[in-house]
Every structure is written in C-alpha cells, then in structure tokens.
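The values are calculated or read from the model by the stated rules, or taken from the named source; none is laboratory data. As the structure is a computational prediction, the values presented were derived from the model and not from experiment. Neighbour counts run over all protein chains shown; Cβ positions are idealised from the backbone, glycine included. SASA here: full protein model, heavy atoms, side chains in, ligands and nucleic acids out. Shrake-Rupley method; radii C 1.70, N 1.55, O 1.52, S 1.80 Å.
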Amino acid sequence: MNMERDNPRFRFAPSPTGALHIGGARTALYNWLAARHAADGRLVLRIEDTDRERSTAEHVDQILDAMDWLGLTYDEGPISQAGRADRHAAALEQLLAAGVAYRDAATAKDVEAWKAEHGAGRGYRGTPTEEPGAAVRLRVPDDGETIVEDLIHGPVAFPNASYDDFVIARADDTVLYNFAVAVDDAEMGITEVVRGDDHLSNTPKQLLVLRALGHEPPRYAHLPLLHGPDGKKLSKRHGAASVQELREAGYLPAAVRNYLALLGWGTDDDTTLMSTEELIRRFEVADVGKAAAIFDEKKLRWLNGRFMREMPLDEYTLAVSRHLGREPDERLREACAISQDKAQTLAEVWPLIRFLYEPPVDDAKAWAKVMKEGAGELLAAAAEALAAVEPYTAESIEGALAPLLARFDVKAGRLYQPLRVAITGTSVSPGIFESLAALGREETLNRVRDASKRLAAAP
Ligand code: GLU
C-alpha cells in the first residue's frame, strides 16, 4: 500500500527507564526505515525522561549506544522531554486560559463517589475551582467519538462519554505523560507516530489534547507486540533481550536489522536475506501486519550466519577483531579465512580459532571418544607424512594424508578426528587440512607428538 506523504517527520521516543530491548529496537528500526525510505523523511529522537525517579543518564547512554551500534541515525535530537517543561507549562496555560482545561480539587475518593452516582461507564466530569493547589483536567466532550485512524489497525473508535475529564497536570503543575507527548509531537512537527501497540489506548487522550490545542494530529501506526516462540510476551527468558546483549552474543548489526525488520513486516517468510538498502527501498509502515510477531533467536542466528559467510574477508576479519578485541593482523585474517563458513555468530569464532593462539584445550570427552585403539599408529604415520610434505599447504597436506586411509584401511574420521584432537584438544575446528596448514608444520608436529606420548602413557 502506498500512503506516502511529503516531508514526513517521524520520531522515536524511548523512556530511559531501562535498556533498549528488542521490541524497542524494532520500533526504532521501523521509524528509521520509514524516514529513510521517504525522499525527505526526518527522524527525531526524543528521550521521554519525565519520570525523574526511573530515568537515568546510564539508560540514556545505553539507548544512544544501542542506536549507534544498530546504525540507526537520527536527524534531530536527542531532545530531552523533561527539558521542555516550560513548553508544557505554556501549553497548559493556554488551555486553562481558553477554559478547555480547568482545576478540580477532587480526590480519587471524590471521583469514585461521582462514578457511583453517575454509573461506572460514564466518564468523570469535575467541578472547576479557582483553588491553586488543584490538579488540572482536560474537558472531554460528552458526545461523539475520538477516532484513531491507525495505519495498521484501521480506524479505532473511542466513545468520548466514557472518558474522564482526565488529569493533564498535577497540583504542582507538572504535566502528565499523555499531555507532554501530545504537546511535543505537535511542536516538533511530527507527522508520523510509529510505536508499540501498548500505546494505542493512550492515543485518544493525546488526540483530545491536540484538538484542544488546535493542532493537526499526526498519523498513527501501532505495531503489534513481539512474542517469543512459545507465544508469550517477549522477555529475557527467550534469550538475548537488550541490544547490547545481541552485540555481546556476536550478532552483526546488518543481520539484526534484517531480522527485526521482518518481524511483522514484509513477506511471511522471516528468514529472507535482505540488505539494509533493500529494506529501506521496500519498507512501508502500512504493510505491517496486525498479528503479534514471533522473535525466534534461532532464526536470527541462522540469518546472522548467512551474513557472516557473505562478508568479504577483510570486513569479516575486522568484525571478528572488534568482537575479540584483537588486532586484525595477518594471523587473524588467516584464522578468519578458515573459519568463516563454520560460525553463525562472532562469539562462535574464538572457540574455532583458539588453537592458533593457545595450546590445545583439554576436552576429556573429545579425547575419550577418538583417542582409541589404533589412534597412536595413525598419528605416528600422519606425523611422518606431515614432516615430509612440501609445500606445507592445505592442498598438499590433504594429498599427503589421504593415502594413509587406504594404507590402514580406515574411514576418514578415524584418522582426522585424532589429528584434530591432537592439535586443538577438541573435536570441533575449521577444516582439518586448513587447520593443520594454519598452525604451521613445527607446532603441528609438536602437538601430534605430545598427543602420541599421552596416548602411549595411558593405562
Ligand atoms: N516513551 C514511550 C515508551 O518508551 C513511547 C511513547 C511514544 O512513542 O509515544 O514506551
């Protein structure tokens, strides 16, 4: 569906009361994709930090860091919502002066009593007072409906009569959340609000504030929530939860962008490989589905592995070097070259290439499984072949070892698994010939001899 308009202005408005989680990251991504898709789209980052107790500078830093790692650039901001308190106060003043908002001294108990009298489904209507220490309420019309024209859900109607004249500022004149959001969206010229489904019920209140202030409302799109593979609301239980955890787990930003983009948008297939350019070209908020989408880390892993395999070696080496905090030198480049098709995440690379940097690990299970009858003899024959092979490359190593299979009449695993365990200590490594070549002849022979000795000494 093509519903583009000129100069759309999007915003991402996280509350810094916690880390940016996968759901929030998807909201940020969708806003970014939509803003970049439009010829003149802009993205504003607004930090909704009015909850002074729960908002922290660390969380702000964490959100900025997460956006940066994901490559989600913004054109304006970060703008602190708390920093706009004077703008909120001015808007409040405007509504009070116009009489569309009023002070009401009613307590929660008074409201309850009013409802008992008028019926529970009826929205509370207060009694204006000049008393200074009273909260401020917005007048809600008694008739008609407030309709949210949602790009994803279609029109959703809320009957005005059932809405309280809701509080927009406390007795101390600090404004409430829905008021601040509506004022900010209007004054920042926001034309598109793309956010989680959990905010749909706030929208009529924000529309009522916008109408009272005489502002044109933005267009809304409420994204369905994310669930885990078990159908329950996404949480820590389902694996990596924050963007930083995804980074630590060794995912690539491009793969995360790809996978998150497909959660609720695009094809039914959430494993389609798409470059970020392609996502930007194709993304439309109006094409987001209504149903909750499933975040399945297994699929992200798979997709990430595909991205890792398709990276040019230099880029891949750089990504691995950053993840490991090691220089992207020739040795690492070679280690990356032989392991690139074996790992699905950057975190999986180190266990594969560690043997090139450190002595073999001690994996007792792997040892017990392959260092059995006949392994000593095979290792001795392999050492002899490896000592003589020229040049010492993966290709000629394969040529020198392969004849041993026929000579000893054994399957490949009987020879290569003991060799693998001898040089790495474990049973998982890059291709055996590449591994032997990368380790170098001298170190290989040392390790094979050590393993043979250990085998001979075994009871
Ligand atoms: N600050 C809200 C949140 O983090 C988002 C509000 C909005 O997008 O309007 O959930």
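Taking the Cα centre of the stretch 287-341 as origin, sum charge times position over the Cβ atoms of Lys and Arg (+1) and Asp and Glu (-1), and report the length of that vector in debye to the nearest 20.
On the way: 10 positive and 11 negative charges, 66 e Å.
It works out to roughly 320 debye.
Which angle from 0 to 90°, rounded to the nearest 10, does the C-alpha axis of helix 394-408 make with the longest principal axis of the chain?
60 degrees
Give the Rg/Rh ratio for the chain, taking Rg as the radius of gyration of the Cα atoms and Rh as the Kirkwood radius, to two decimals.
Using Cα coordinates only, the ratio equals 1.18.
For Cα pairs less than 8 Å apart in space and 6+ apart in sequence, what is the mean separation divided by the residue count of the chain, i.e. the relative contact order in percent? Don't skip to the end; give the middle numbers.
Details: 722 pairs, mean separation 56.1, N = 459.
With pairs under 8 Å counted, the relative contact order is 12 percent.
Can you list residues from other chains, or at least 5 along the same chain, whose modelled amide H is less than 5 Å from the amide H of Gly196?
Leu223
P(r) for the stretch 55-174, please, calculated from all Cα pair distances in 10 Å bins and given in %.
11, 27, 27, 24, 10, 1
Relative contact order, percent, of the stretch 196-297 when contacts are C-alpha pairs under 8 Å separated by at least 6 residues?
Reported as a whole number, the value is 33 percent.
How large is ³J(HN,Hα), in whole Hz, for each residue of the stretch 5-11 in order, when computed from phi with the Karplus curve 6.51 cos²θ - 1.76 cosθ + 1.60 and θ = phi - 60°, using x for Gly and Pro?
With coefficients 6.51, -1.76 and 1.60, one gets 10, 6, 6, x, 10, 9, 9 Hz.
Of Gly196, Ala82, Val349, which is farthest on the positive side of the dipole of the chain, counting Cα position, with +1 on Lys and Arg Cβ, -1 on Asp and Glu Cβ, and the Cα centre as origin?
Val349
Hey, what number do you get for the chain at 222 nm if only DSSP H runs of n ≥ 4 count, each worth -39500 (n - 2.57), divided across all residues, to the nearest 500?
The helix contribution divided over the chain gives -14000 deg cm²/dmol.
Go through the stretch 43-135 and name the GluC sites (Glu not before Pro) that are in a DSSP coil and have 14 or fewer other Cβ atoms within 10 Å of their Cβ.
Those satisfying the criteria are Glu53, Glu130.
Once the convex hull of the C-alpha atoms of the stretch 86-148 is built, how many Å³ does it hold per residue, rounded to a whole number?
Roughly 122 Å³ of hull volume per residue.
Tyr124's amide H: which non-local residues (gap 5+, or another chain) put their own amide H closer than 5 Å, with H modeled 1.01 Å from N in plane and none for Pro or chain starts?
Counting only residues 5 or more places away or on other chains, the set is Asp164, Asp165.
Are there any trypsin sites (Lys or Arg not before Pro) in the stretch 169-278 that are in a DSSP loop and have at most 16 other Cβ atoms within 10 Å? List them by number.
Working: sites: Arg170, Arg195, Lys205, Arg211, Arg219, Lys232, Lys233, Lys236, Arg237, Arg247, Arg257; in loops: Arg170, Lys232.
Taking the stretch 169-278 and a limit of 16 other Cβ atoms within 10 Å, the loop trypsin sites (Lys or Arg not before Pro) found are Arg170, Lys232.
Residue by residue through the stretch 273-279, what is 3J(HN,Hα) from phi via Karplus (6.51 cos²θ - 1.76 cosθ + 1.60, θ = phi - 60°)? Round to whole Hz and write x for glycine and proline.
6, 9, 6, 5, 4, 5, 4
What whole-number volume per residue, in cubic angstrom, does the convex hull of the C-alpha atoms of the stretch 380-459 give?
Here the figure is 89 Å³ per residue.
At 1.4 Å probe size, with the rest of the protein present, what percent of the exposed accessible area of the stretch 336-414 is carbon and sulfur atoms?
Answer for the stretch 336-414: carbon and sulfur cover 54 percent of the accessible area.
Bin width 10 Å, alpha-carbon pairs only: give the P(r) of the stretch 278-373 as whole percents, running from 0 to the bin holding the largest distance.
Result, from short to long distances: 13, 32, 26, 18, 8, 3, 0 percent.
For the charge dipole of the stretch 246-297, defined by +1 on Lys and Arg C-beta atoms and -1 on Asp and Glu C-beta atoms about the Cα centroid, which residue among Leu263, Phe283, Tyr251 has the Cα displaced farthest towards the positive pole?
Highest projection toward the positive end goes to Phe283.
Which residues' amide hydrogens lie under 5 Å from the amide hydrogen of Thr146, considering only partners 5 or more residues apart or on another chain, with H built in the peptide plane?
Phe158, Asn160
Say the dipole of the chain comes from +1 at the beta carbon of Lys and Arg and -1 at that of Asp and Glu; which of Leu92, Ala113, Tyr30 then lies farthest toward its positive end?
Tyr30
Kindly write out, for the stretch 423-434 in residue order, the coupling ³J(HN,Hα) from the Karplus curve 6.51 cos²θ - 1.76 cosθ + 1.60 (θ = phi - 60°), rounded to whole Hz, with x marking Gly and Pro.
Each residue's phi maps through the Karplus curve to give 8, 10, x, 9, 9, 10, 7, x, x, 5, 5, 5 Hz.
Using alpha carbons only, how many degrees (0 to 90, rounded to 10) separate the axis of helix 313-324 from the longest principal axis of the chain?
Its long axis makes an angle of about 70 degrees.
Using only Cα atoms and rounding to the nearest 10 degrees, what angle (0 to 90) does helix 108-118 make with the longest principal axis of the chain?
For helix 108-118, the angle is close to 60 degrees.
Taking the Cα centre of the chain as origin, sum charge times position over the Cβ atoms of Lys and Arg (+1) and Asp and Glu (-1), and report the length of that vector in debye to the nearest 20.
Using Cβ point charges on Lys, Arg, Asp and Glu, the chain gives about 1420 debye.
Using only Cα atoms, figure out Rg for the stretch 165-323 and give it as a multiple of 2.2 N^0.38 Å.
1.31
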